[in-house]
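Just below is one structure, and these are the notes that go with it.
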Amino acid sequence: MASALSPLPPKAVPALVLAASAVVLATVLASQYLGGLQPCVLCLYQRYPYWIAIVLSVLALIAARRGGATRVAGLLMGLAALAFLAGAAVAPWPDSISSSRWRWRASPSAAPSGSSPMPAPETQPAPRPKTTGEGGLPGDLTKRQLIERIIRVDHAGEYGAKRIYEGQLAVLGGSPSAPTLTHMAHQEAQHLAEFERLMVERRVRPTLLQPLWHLAGYALGAATALLGERAAMACTIAVEEVIDQHYRAQTDRLGEDEVPLRDTIDRFRRQEVEHKDMAIAAGGERATGYEVLTQAIKLGSRAAIWLSERL
Ligand SMILES: [Fe+2]
Ligand SMILES: [Fe+2]
């Protein structure tokens, strides 16, 4: 392997392997966390060779910088290339394996078909686990970690929603949209109160980013309201679409041992969908620049979810 690649500069191969592996992993992670495509078990295994390739290629680059370590650099370079090729070799497997356990599946949060380079999502929802976190792999979240993430991110989301409506009502409090916005804000306050109660009950800390969502939520609400009542409603449509998908993905992961939490999230999800329907009825889809505005808000909402789950 190394001899076949010897005409290339010493750092070229590990640099290429590093870049290609990073692109592959960035693509699958973006598909998962921003596009809503949930990976199957094999898909998770398929990532390992790329992570290994990244580590080996970095080591190869370090070794290549030291003139006396040419053999080590060559060995690492070869191993890194092999790891990358191994990742590429197992990539087509899911299409040829009939079991749904081995396929990518679209969580209800999947982006519209065609927007992702990943294999076509399945239409059947994943079977609900009997117990929360069942079927996980070594390194997956424990049940406790999963519950912490769910409560933390949902609390952050409901807090952000409360702030969005506060920002919108500060601008549109005297407009014909005020009763609709007030109704939504009232329900968001109830959702937030329930997650605050759950945080105490389950001993979960809030996200470290809460001060950011305090500002960003209000700013988003006020900014869309300043664009007009329809833009304010478009904001609700975009946010609630993301939250609907997000809550569905969560209830799919909760088992029979977490029925009260699952039912709470599902009840809130249905109210979020009602908010979206009310916003559509109020003309949100006719807002100027609707597509650009809602896509930007959806992207930001997914990023906020991803961050709040982890920080
Ligand atoms: Fe809510
Ligand atoms: Fe809502």
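Annotations
- GLU240 being under 24 Å from LEU172 (Cβ atoms), in contact with a Pro (Cβ under 9 Å, 6 or more places away or on another chain), charged (D, E, K, R) and surrounded by 20 or more Cβ atoms within 10 Å (Cβ to Cβ): no
- Helices (runs of 4 or more DSSP H) enclosed by the stretch 128-230 - at least 3 residues per element that are among the small types (Gly, Ala, Ser) and away from ligand 1 (no atom under 15 Å from the Cβ): 210-227
- Single unsatisfied condition, VAL242 versus (1) hydrophobic (A, V, I, L, M, F, W, C); (2) at pLDDT 95 or above; (3) over 15 Å from ALA185 (Cβ atoms): (2)
- Of all the residues in the stretch 234-260, those that are within 15 Å of ligand 1 (Cβ to nearest atom) and either farther than 29 Å from ALA223 by Cβ or not hydroxyl-bearing (Ser, Thr, Tyr) (or both) number 14.
- The condition of being assigned to a helix (DSSP H, G or I), closer than 24 Å to GLN168 by Cβ and within 16 Å of ligand 1 (Cβ to nearest atom) does not hold for GLU285.
The values are calculated or read from the model by the stated rules, or taken from the named source; none is laboratory data. Model, not experiment: these values are computed from the prediction. Counting neighbours? That spans all protein chains shown, and the Cβs are built from the backbone with ideal geometry, glycine included.
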